[in-house]
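Inspection log for the structure reproduced underneath, given as structure tokens.
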Amino acid sequence: MKQKSIVKWLGSLAAAASLFAAPVAQAEEDIVIGGSIPMTGVFAFAGIGIHAGITDYVKMVNDAGGIKGRKIKYVPEDTAYKVDASVAAFKKITGQNKVNLYYGDSTAFAKTINPELERMGNIMMAGASFATEINDPKKYPNQFLVGPDYTEMIGILMRHIAKEKPGAKVAFVYSDTEFGRDPIDEGEALAKKLGLNVTGKIMTPPGSVDVSTEIVKLRRAAPDYTIFHGYILAPIPEFISQARKMGMTSQFMGTFWSMDNSMVMKMGEAAEGFMGVMPFRYYYESDAKAPMLEKIRKMRPEYQSNAYMQGFLTAMLFTEAAKRTLDAGKTLDAKNLKASLNTIKNFDTGGVVGVPITIRGNSIPVGRIYRFDAKQQKMLPASDWIHLD
């Protein structure tokens, strides 16, 4: 009898202790998002937007009570878009916090840190990169892309072109960087499959201004469509201006990082009619099916960039993966978070993306074609949302 009483007493004591211990443990278990964010340097325009987008979505979640009672903690460090600084930021943030999720600032960082992510096994990462190489769940099991990869972006453009003008002539103009070269070979192969003719592949130094030699090559190629990739702004306006002076009527197009509305407006007269692919809606788009854009506009009445939308959606997908992992009663490690992420099918982003999204492999292969209207000073939809199989 005494033994039974002691066991019962110990059980009661343990239960009482757990009641006192639970709030303390709970307070220590914030879900942590670390971030290598380029707030200064050549990519600062994007980093500032990314940081604002992550900050705002984290605030929305925390104001609504967090995830299963746990708050989200966002811990960013400025990297100036330098790989060594980004690695140092990663080590500092993960050394001081129990990090579950991480935002990386570049393809180079994503590739450099990948072995460490695999060794640690407790962090899922996404970031600014849309590199095709990262869209490989076997090679990059703990990472994903918040949108289509660069090859998929070219694929969305190609499908639009093939529908609009079957058999069209296409030229690629791209920077002599890993970013620029990424989708070109696969893009050329896809063009052939779609019955399009690639009449020119022109590579330039990144950010070059003198394009006199390259414009002669472009004129000789006489493309119906010219796709720029691997640039933010320069030398796109120079190409367009000189091509128009030469009487060329090619339709000029870009991929995500050259598609921000404020960036396109910097092209001046060359911006008129510029087109490209976007994985997200623009800040100013008004649609009854986009309640999240309304919330964003109330939080920030001034225009927010495409980088903001990318950061915002990243935080949304991070927290959704964490929620699904906790709902399943599993620990927040990389394997479980990624498995939860890959259960996302027909997910409503509140209109940040104009259609429900599905995570396939390591990417979200959907986008829409937009065209710049000089009168309205806005990029406007020029197609429906295009899904890749």
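The values are calculated or read from the model by the stated rules, or taken from the named source; none is laboratory data. What you are looking at is a predicted structure, and each value in this text was computed from that prediction instead of being measured. We place every Cβ from the backbone using ideal geometry, glycine too, and count neighbours over all the protein chains shown. Heavy atoms of the whole protein, side chains included, go into the accessibility calculation; ligands, DNA and RNA do not. Shrake-Rupley method; radii C 1.70, N 1.55, O 1.52, S 1.80 Å.
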Extreme residue, nearest to residue 302 (Cα to Cα), among residues of the stretch 37-77 that are open to solvent by 70 Å² or more (accessible area, probe 1.4 Å) and of a type outside the set (A, V, I, L, M)
45
Of 361, 351, which residue is on the phi > 0 side of the Ramachandran plot and either modelled with pLDDT under 95 or among the β-branched types (Val, Ile, Thr) (or both)?
361
Residues of the stretch 162-201 classified as without any contact (Cβ under 8 Å) to a residue 60 or more places away in the chain, of a type in the set (A, V, I, L, M) and open to solvent by less than 10 Å² (accessible area, probe 1.4 Å), total:
5
Does residue 228 fit the bill of being aromatic (Phe, Trp, Tyr) and either in a helix (DSSP H, G or I) or more than 28 Å from residue 363 (Cβ to Cβ) (or both)?
no
One residue from 380, 337, 388 being at pLDDT below 95 and over 15 Å from the mean Cα position of the chain (by Cα):
388
So the check is Cβ under 8 Å with 6+ separation or different chains; which pairs have a first residue in the stretch 205-217 that's at pLDDT 95 or above and a second one that's of a type in the set (A, V, I, L, M)?
214/173; 214/202; 215/243; 215/246; 217/202
Neighbours by Cβ (under 8 Å, 6+ apart or cross-chain): first from the stretch 148-161, free of Cβ contacts under 8 Å to residues at least 60 places away in the same chain and open to solvent by 10 Å² or more (accessible area, probe 1.4 Å); second of a type in the set (D, E, K, R) and in a helix (DSSP H, G or I):
151/186
For the stretch 327-348, name all the residues that are out of contact with any Ser or Thr (no Cβ under 9 Å at 6 or more places or on another chain) and either open to solvent by 10 Å² or more (accessible area, probe 1.4 Å) or over 21 Å from residue 102 (Cβ atoms) (or both).
329, 335, 338, 342, 343, 348
Of all residues making up the stretch 269-318, the number that are open to solvent by 10 Å² or more (accessible area, probe 1.4 Å) and either of a type in the set (Ser, Thr, Tyr) or assigned to a helix (DSSP H, G or I) (or both)
13
How about the stretch 138-147: which of its residues are open to solvent by less than 10 Å² (accessible area, probe 1.4 Å) and of a type in the set (S, T, N, Q)?
143
Among residues belonging to the stretch 107-151 that are outside any loop (DSSP other than H, G, I, E, B) and hydroxyl-bearing (Ser, Thr, Tyr), point out the one that is farthest from residue 255 (Cα to Cα).
112
